[in-house]
Amino acid sequence: MIAKGIEIKPPSGKLGVLLVGLGAVSTTVIAGVEAIRKGLAKPIGSLTQMATIRLGKRTEGRSPKIKDFVPLAELDDLIFGAWDIFEENCYEAALHCGVLEKTLLEQLRPELECIKPMRAVFDKNYVKRLSGTNVKTANNKRELAEMLIADIEQFRKLHGCTRLVMIWCASTEAYLKPSAVHQSIETFEKALEENSPEIAPSMIYAYAAIKSRIPFANGAPNLTVDIPALTNLAIKLGVPICGKDFKTGQTLMKTIVAPGLKSRMLGLSGWYSTNILGNRDGEVLDDPESFKTKEESKLSVLEYILQPEVYPELYGDFSHVVRINYYPPRGDNKEGWDNIDIFGWLGYPMQIKINFLCRDSILAAPIALDLALFLDLAQRCGMYGIQEWLSFYFKSPMTAPQLYPEHDLFIQLMKLKNTLRHIRGEELITHLGLEYYD
Ligand SMILES: NC(=O)c1ccc[n+]([C@@H]2O[C@H](COP(=O)([O-])OP(=O)(O)OC[C@H]3O[C@@H](n4cnc5c(N)ncnc54)[C@H](O)[C@@H]3O)[C@@H](O)[C@H]2O)c1
């Protein structure tokens, strides 16, 4: 366990942020950071930039901003790089994704045009709906991993980065179950050499990151780094990792509303969620194999929050359905509907309807930024392996094998802030508060 109030290495020099995939999320975070640096916009939705943290007693009035409390990299010190299967630079890709307005992108054009994607490690078998030409070729998956490691080193040298982090912001891959080759680093490396179909491209990126001692976050629901071979390698090499699947849109709402219903001991008979979504992510998720990966990630949330085994009368028998429908006219502006059938006193039924007209990548971009900054902080603190305190950002948080994941957004936030208090040697906040009445 990391010691209380440990010495934290300062964030001196440049932090390279390597994004896998230069699509809607990546271009929105890169363009957003550029816009914020130029004073054209504000970092809304980012805890690292906007949130405060209360320290000590409520009577002390100490609530600094998180970024003034822990030493985080400055936005001016971030350098972005990316891989993608398409050759479009960041400006072209951002235009194509249609998340941000053209007038804003025009003002950032020179900076965005400089970011050209490196050749990707890609295999159509894992993302059936896409094909691109900006792709590496090699004799086997081990060679592909070595090419990624070389890309990382080249980027590090070219931009003079003192530290790097990598975030998977690429398409959702087809569903893969953990299997024998994922169990140890020896079986994993053998499988790389033998080109095993059990090794998805995302695992090759994660492996390359960990081997290069770079923290890795997984923004999609793919298994990726969530296998013993890679989590153990991360521990061995002292690398922080986290995942999976950015918690935005409908699942964010679910993890806000469900803890509220449970806290009032209101029952649930059904939760039906459906979405229409028209971006490339929606197109990829229209493929049943990619959707299966997403569905697994979205479905588990309610089970864990509501604990049907602890509250069988309230949550023992609810039906939970999640649908994603690809509907091109909406682009990135997803529309989600939730119909929630609940019951109260004496079993009387009630309904809640939520219609969330959200912008997916606008919700995801600050998450990617925060993860980059917090993972870098974790590494400078000497933290490694699974970073459960970053569960706040994920739909299916990674945990130690013996633990169930914590999905309640408010518990996750408390865990995150208490972790920051712990590493800075401040008292943890329990909200007991009896001392005020002594
Ligand atoms: N709010 C959100 O947008 C949100 C929320 C949760 C999770 N996610 C996940 O984040 C990921 C990115 O979402 P997006 O909306 O930016 O999708 P997107 O389709 O706009 O971008 C993904 C990009 O990844 C590229 N790509 C695919 N496979 C690749 C590979 N092997 N190597 C390099 N590049 C590759 C694609 O060409 C594409 O440009 C998706 O997996 C999505 O499910 C997004």
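Any read-out appearing in this document is the output of simple, stated calculations on the displayed coordinates, not a laboratory observation. Small disclaimer: the values here were computed from a predicted structure and weren't measured. Here the Cβ is made from the backbone with ideal geometry for all residues, glycine too, and neighbour counts use every protein chain on show.
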What does DSSP give for the chain in terms of the percent of beta bridges that are antiparallel, rounded to the nearest 5? 40 percent
May I have the convex hull volume per residue, in Å³, for the Cα set of the range 250-357? 88 Å³
Taking the alpha-carbon centroid of each part, what is the distance from the range 142-210 to the range 330-364 in angstrom? 36 Å
Row for the range 359-406, column shape: gyration tensor on C-alpha, a ≥ b ≥ c, rounded if a/c < 1.5 i.e. under 1.5, prolate if a/b over b/c, else oblate; value oblate
Counting alpha carbon pairs within less than 8 Å and at least 6 residues apart, what relative contact order, in whole percent, applies to the range 366-438? 20 percent
For the chain, take the alpha-carbon Rg, divide it by the Kirkwood Rh, and send me Rg/Rh. 0.96
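Under 1.5 on a/c is rounded, so check that first for the range 186-240, then, if it is not, pick prolate when a/b is larger than b/c and oblate when it is not; a ≥ b ≥ c are the square roots of the alpha carbon gyration tensor eigenvalues. Don't jump to the answer; show the numbers that get you there.
Working: a/c = 1.86, a/b = 1.25, b/c = 1.49.
It comes out oblate by the Cα gyration axes.
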What residues qualify as long-range amide H neighbours of residue 81, i.e. H under 5 Å apart, gap of 5 or more or another chain, H built at 1.01 Å from N? 17, 18, 19
What ranking do 239-245, 293-299, 343-349 get when scored by the average of other Cβ atoms within 10 Å per residue, highest first? 239-245, 293-299, 343-349
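Report, to two decimal places, the Cα Rg of the range 169-327 normalised by 2.2 N^0.38 Å (N = number of residues).
Normalised Cα radius of gyration, the range 169-327: 1.19.
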When the helix-only estimate is applied to the chain (DSSP H runs of n ≥ 4, each -39,500 (n - 2.57), divided by the residue count), what is the mean residue ellipticity at 222 nm, nearest 500 deg cm²/dmol? -11500 deg cm²/dmol
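If you average the sequence gap of Cα pairs under 8 Å that are 6 or more apart and divide by the length of the chain, what percent do you get for the contact order?
Contact order relative to length: 20 percent.
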If amide H atoms are built 1.01 Å from N in the plane of the peptide, which residues on other chains or at least 5 residues away come under 5 Å of the amide H of residue 270? 319, 341
The chain - charge dipole about Cα centre, Lys and Arg +1 at Cβ, Asp and Glu -1, debye rounded to 20: 840 debye
Relative contact order %, the range 250-357, counting alpha carbon pairs below 8 Å whose residues are six or more apart: 40 percent
So what J values fall out for the range 270-283 if you push phi through Karplus, 6.51 cos²θ - 1.76 cosθ + 1.60 with θ = phi - 60°, rounded to Hz, Gly and Pro as x? x, 9, 10, 10, 9, 9, 10, 8, x, 8, 5, 4, x, 5
Return the single residue from 289, 427, 74 with maximal mean-square fluctuation; model: Gaussian network over the chain, springs between Cα atoms under 10 Å. 427
Can you tell me how the range 348-438 classifies by the Cα gyration tensor, rounded, prolate or oblate, using a/c under 1.5 as the rounded cut? oblate
Hey, can you grab everything whose amide H is under 5 Å from the amide H of residue 164? Only 5+ residues off in sequence or another chain; H modelled, so Pro and N-termini drop out. 16
Using packing as a proxy for protection, rank 86-99, 132-145 so that the peptide with the highest average count of other Cβ atoms within 10 Å comes first. 86-99, 132-145
Projected onto the charge dipole of the range 250-357 (unit charges on the beta-carbon of Lys, Arg, Asp and Glu, signs +1, +1, -1, -1), the Cα from 274, 324, 345 with the largest positive-side position is that of 345
For the cross-link pairs 262/415; 42/211; 9/211; 42/292; 65/395; 157/395, which exceed 29 Å when the distance is taken from alpha carbon to alpha carbon? 42/211; 42/292; 157/395
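Based only on Cα atoms, what mean projected area does the convex hull of the range 49-125 have, in nm²?
8.9 nm²
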Counting residues in the range 128-226 as N, plug N into 2.2 N^0.38 Å and put the Cα Rg over that result. 1.08
Sum of side-chain charges, residue 59 neighbourhood, beta-carbon under 15 Å (Lys, Arg +1; Asp, Glu -1): 0
Just need log10 I(q)/I(0) for the range 75-116 at q = 0.21, 0.23, 0.28, 0.29 Å⁻¹, Debye formula, equal scatterers on the alpha-carbon atoms, no solvent, rounded to two decimals. -0.69, -0.81, -1.06, -1.09
